[in-house]
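The values are calculated or read from the model by the stated rules, or taken from the named source; none is laboratory data. Note that the coordinates shown come from a computational prediction; the quantities given were computed from them, not determined experimentally. Virtual Cβ from ideal backbone geometry, glycine too; neighbours counted across all protein chains shown.
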Amino acid sequence: MEYFAHQTAIVDAGARIGAGTKIWHFSHICSGSEIGENCVFGQNTMVADSVTIGSNVKVQNNVAIYAGVQIEDDVFLGPSCVLTNVTNPRSQVVRQSLYEKTLIRRGVTVGANATIICGVTLGRYAFIAAGAVVTRDVPDYGFVIGVPGKLKGWISRHGHPLGSPDPEGIMICPESGYRYKEVEPGGLACIDLPEEDPLPENLRTGQASYESFKGK
Ligand SMILES: CC(C)(COP(=O)(O)OP(=O)(O)OC[C@H]1O[C@@H](n2cnc3c(N)ncnc32)[C@H](O)[C@@H]1OP(=O)(O)O)[C@@H](O)C(=O)NCCC(=O)NCCS
């Protein structure tokens, strides 16, 4: 199966795009980029030269992915979120050879209208709330809110904030039932499913609203 690009999208020669990926209206994929399988690029998105993007990545409308940004599998970039690649841009000073790296690891969600200041790593399954401004690295499963972004706590792979741990240090996702535990100061891991494993089929479709899980 080939990838699909809407007739108004521009895909430059040399871009490598995996099977099943869809590129929607008025988007631009630049020549040196590499994109995995089964991704979706919404309306008015842009992928710069030299950017690499994994598989099953969902990019909502109006997102530009600039040189210096690397995106792993299963990442969700919410509408109009902003990625950056120079900390101190000045129109009079050319810094095209100095783009700073930003690494967005497997399973991360960046909420609508959030801004990621370059040079940070967003750990696996980190969740950036809508409108947050991230200025520091975020650990795996870190849940960041606000301007400037602060680590509010932990969030599960299914996107539920995790409450206080039990006496054994365990926190349970109300949707999947998976158990999570701090593995080192400042880090979280899932006890029941390794971070690199795919979700089993029966946990890939939501069955109930976010609100219905709150407080459980
Ligand atoms: C952060 C989020 C997951 C909700 O988290 P939550 O812990 O369940 O938040 P609650 O709704 O219980 O609100 C708790 C507090 O956080 C505040 N809050 C919620 N979302 C916030 C956000 N994005 N930024 C700042 N504060 C936020 C609430 O106002 C509330 O404050 P209060 O206690 O002073 O009243 C959600 O608001 C969000 O930002 N989701 C991302 C949505 C998105 O961008 N989707 C992409 C396109 S579909």
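Quick check, is residue 50 touching a Gly at 6+ places or on another chain (Cβ under 9 Å), assigned to a loop (DSSP other than H, G, I, E, B), at pLDDT below 95 and more than 16 Å from the ligand (Cβ to nearest atom)?
Numbers: touching a Gly at 6+ places or on another chain (Cβ under 9 Å): yes; assigned to a loop (DSSP other than H, G, I, E, B): yes; at pLDDT below 95: yes; more than 16 Å from the ligand (Cβ to nearest atom): yes.
Here the answer is yes, as residue 50 does meet what is asked.
Which of the residues belonging to the stretch 100-128 are assigned to a loop (DSSP other than H, G, I, E, B) and within 16 Å of the ligand (Cβ to nearest atom)?
Our first condition is that a residue be assigned to a loop (DSSP other than H, G, I, E, B); within the stretch 100-128, this holds for 100-101, 105-108, 111-114, 117-120, 123-126.
107, 108, 111, 112, 113, 114, 125, 126, listed by residue number.
Close Cβ contacts (under 6 Å, 6 or more residues apart or on different chains) running from residues in the stretch 186-211 that are of a type in the set (D, E, K, R) to residues that are modelled with pLDDT of 95 or more comprise 192/178; 192/179; 195/124.
Is it the case that residue 174 is in contact (Cβ under 8 Å) with a residue 12 or more places away in the chain and touching a His at 6+ places or on another chain (Cβ under 9 Å)?
Numbers: in contact (Cβ under 8 Å) with a residue 12 or more places away in the chain: yes; touching a His at 6+ places or on another chain (Cβ under 9 Å): yes.
In short, yes.
The residues in the stretch 38-52 that are under 16 Å from the mean Cα position of the chain (by Cα), surrounded by fewer than 21 Cβ atoms within 10 Å (Cβ to Cβ) and not small (Gly, Ala, Ser) can be counted, and the count is 4. Look at residue 97 and say whether it is on the phi < 0 side of the Ramachandran plot, assigned to a loop (DSSP other than H, G, I, E, B) and away from the ligand (no atom under 11 Å from the Cβ). It is false that residue 97 is on the phi < 0 side of the Ramachandran plot, assigned to a loop (DSSP other than H, G, I, E, B) and away from the ligand (no atom under 11 Å from the Cβ). Counting only strands (runs of 3 or more DSSP E) that sit wholly inside the stretch 134-216, those with at least 2 residues that are within 20 Å of residue 116 (Cβ to Cβ) and within 12 Å of the ligand (Cβ to nearest atom) are 142-145, 150-155. The set of residues in the stretch 53-85 being closer than 18 Å to residue 196 by Cα and of a type outside the set (D, E, K, R) consists of 53, 54, 55, 56, 57, 70, 71, 75, 76.
Every residue, every condition in (1) touching a strand residue (DSSP E or B) at 6+ places or on another chain (Cβ under 7 Å); (2) surrounded by fewer than 19 Cβ atoms within 10 Å (Cβ to Cβ); (3) under 22 Å from residue 158 (Cα atoms), yes or no:
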| site | (1), (2), (3) |
| --- | --- |
| 15 | yes, no, no |
| 24 | yes, yes, no |
| 31 | no, yes, no |
| 35 | yes, no, no |
| 54 | yes, no, yes |
| 91 | no, yes, no |
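Count of the stretch 72-89 residues, restricted to those that are within 16 Å of the ligand (Cβ to nearest atom) and either outside any loop (DSSP other than H, G, I, E, B) or surrounded by fewer than 19 Cβ atoms within 10 Å (Cβ to Cβ) (or both), is 6.
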